[in-house]
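Everything below concerns the one structure shown next.
Laboratory data are not the source of any read-out in this text; all were calculated from the coordinates shown. The structure presented is a predicted model; accordingly, all values stated were derived computationally and were not measured. Methodologically, a virtual Cβ is constructed for each residue, glycine included, from the backbone with ideal geometry; neighbour enumeration extends over all protein chains shown.
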Amino acid sequence: MNVVGCCEKLWDKYGNEVDVLKEQVRSMVVAGGRKAAEQINLINVLERLGVSYHFEKEIEEQLEQLFAKFEDNEDYDLFTIALHFAYSDNMAIKCHVIRGDGFLDEAHAFTIAQLESLVGGPHLSSDLSEQVMLALKQSIHRGFPRLEAKHFISFYEKDASRNETLLRLAKLDFNQLQLSHREELGHISRWWKELDLISKVPYARDRAVECFFWSTCAYYEPQHSVGRAVLTKIMLLLSVTDDTYDAYGTYDELKLYTNAVQRWNVSAMDELLDYMKALYRALLNVYDEVDRDLAKQGRAYGVHHSKDAFKEIMRSYEIEAEWFKEGYVASFEEYMKNALVTSTGRLHTTSCFMGLEADVATTEAFEWILTKPKMVAASGVIGRLVDDVMSHDVRLSHLLESSELMMKQHGVSKQEAIVELYKMIENAWRDINEEMIKPTAISMTLLIRVLNLSRISDVVYKYVDGYTHPEIIKHNVISLFEDPIPM
């Protein structure tokens, strides 16, 4: 039997049972008679198992009811209170504790120290100790949602109080989605191979799998398959373009390419060198394809926003190329102003939104990005600085990066500069947390995409540059796309 046929049979096999289990779990969610602590714990388990996306409407209704009757004087345990805090989206009056309050920093440091002291000790079971070690290595909030779900499924299976229906649904759902993602990755890999940029652009890195991995973090749900493909293709082309400006093209060649992208017209190709023609042709073709597909659904309005973001990045790339040509050493502030563009926050967010439903990714949503919201800026800071810190020894660019500029400008050591950069990264995460919990006209569905784009930066650049060294994240890629959960 061929692979496609095998996948279709497995999909059908999983799908029939998943549909039955979903209705059973839906009944659990809306059933009355539970105490508030039990109900919010059920919602938390659904979230951690990675199946809450099937019950978003029901969960939202249940949370509204829970928060409306949640009494401060009830004898809730600390875990329940923490869950209440985590799932409440109406806490603007408490936003002052997100950034600028040393109490939370102290509590965070204290908690980490206590957890580290407990690992491997007599007070934790081996299973709980494993959970603690994993959380210390990668926090849930900053983790890859689908990988975090897979981890939790393995822990939940060992929980004596587990609900077998929830566990069964989570396993089947993960495996079913994995089949879908694997098939999508196959399509992307074939497209990339047929594009053949590797032979036409000699320095191009083969990162189709890594870019799809990135896109799957942005949105993993089955209805966003087109969005994953679009985001992956744009990321791949940007990756090659980034390498062009960083280390390959001469300044005059790069100016020609920047001008061609600003014109966005096939006639501009005549001015380019052959290797740039291949890249430029691929760029125009991808966006033309996206434009046609989205026009059929009446939502092509997002495409020009993505094009404009791409053009903006090219202009900022050229600024960096000019700095290098002139031997100009930018101030840290100048560098960061330009780097917030080259960090691709706006482009990735805009391109990600193109893959969402029209009633979510409205024209207002794309206009919101143009206002340079704090959350998108924070995501850009995280992406830029973790890349700089972890890529210093393998950077293709000859420009000084953030830590070197900070050292030069403030006369501090390398280690001191890195400490300051990590403080900036932490403050950016606080900004994201604040934006996630304060009332806003922007849909939570959109905010979660920005959060997810920040999460993947944390995962890929956690300890080393996992994009330049894909073998570092290979185990995550295999876990997500190849290894099913045993049934």
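Sorting ILE234, ILE188 on the 10 Å Cβ count, fewest up front, what's the list?
In order of increasing Cβ crowding within 10 Å: ILE188, ILE234.
Take the alpha carbon gyration tensor of region 432-487, find the square roots of its eigenvalues, order them as a ≥ b ≥ c, and report rounded if a/c is under 1.5; if not, report prolate when a/b exceeds b/c, else oblate.
Oblate, because a/c is 1.5 or more while a/b does not exceed b/c.
Determine ³J(HN,Hα), in whole Hz, for all residues of region 228-235 in sequence, where each value follows from phi through the Karplus function 6.51 cos²θ - 1.76 cosθ + 1.60 and θ = phi - 60°; x replaces Gly and Pro.
After applying 6.51 cos²θ - 1.76 cosθ + 1.60, I find 4, 5, 4, 4, 5, 5, 5, 5 Hz.
Projected onto the charge dipole of the chain (+1 at Lys/Arg Cβ, -1 at Asp/Glu Cβ, origin at the Cα centre), which of SER351, GLY380, MET276 gives the Cα projection farthest towards the positive end?
Toward the positive end, the furthest listed residue is MET276.
Fully extended, how many nm does the chain gain between ILE448 and HIS304 (0.36 nm per residue separation, minus their Cα-Cα distance)? Walk me through the intermediate numbers first.
Values: separation 144, 0.36 × 144 = 51.84 nm, distance 2.27 nm.
Full extension of this stretch gives 49.6 nm more.
How do THR445, THR350 rank when sorted from fewest to most other Cβ atoms within 10 Å of their own Cβ?
THR445, THR350
Mind checking the dipole of the chain: about its Cα centre, +1 per Lys or Arg Cβ, -1 per Asp or Glu Cβ, Debye to the nearest 20?
640 debye
Averaging the inverse of every distinct alpha carbon separation and then flipping it gives the Kirkwood radius. What is it for the chain, in angstrom units?
On the way: mean 1/r = 0.0411 Å⁻¹.
The Cα-based Kirkwood calculation yields 24.3 Å.
So what is the relative contact order of the chain, in percent, for Cα pairs below 8 Å that sit 6 or more residues apart?
Across the chain, relative contact order equals 20 percent.
Please compute the modelled spin-label separation between SER139 and PHE155, points set 7 Å along Cα→Cβ, answer in nm with one decimal.
Computed distance between label sites PHE155 and SER139 equals 1.5 nm.
Fewest first, what order do GLU426, GLU333, GLU47 take by the number of other Cβ atoms within 10 Å?
Details: GLU426 14, GLU333 10, GLU47 21.
Exposure proxy ranking, most exposed first: GLU333, GLU426, GLU47.
With +1 assigned to the C-beta of every Lys and Arg and -1 to the C-beta of every Asp and Glu, and no other charges, what is the dipole magnitude of region 279-357 about the Cα centre in debye, to the nearest 20?
Its charge dipole is roughly 260 debye.
Dipole size in debye (nearest 20) for region 188-317 around its Cα centre, Lys and Arg Cβ +1, Asp and Glu Cβ -1?
320 debye
Report the trypsin sites (Lys or Arg not before Pro) located in region 102-195 that are in a DSSP loop and have at most 15 other Cβ atoms inside 10 Å of their Cβ, or state none. Spell out each step's value before the answer.
On the way: sites: LYS137, ARG142, ARG146, LYS150, LYS158, ARG162, ARG168, LYS171, ARG182, ARG190, LYS193; in loops: ARG142, LYS158, ARG162.
Answer in residue order: LYS158, ARG162.
Any chance you could run the full-extension gain for SER199 through GLU17? It's 0.36 nm times the residue separation minus the Cα-Cα distance, nm to one decimal.
The SER199-GLU17 span can extend by a further 60.9 nm.
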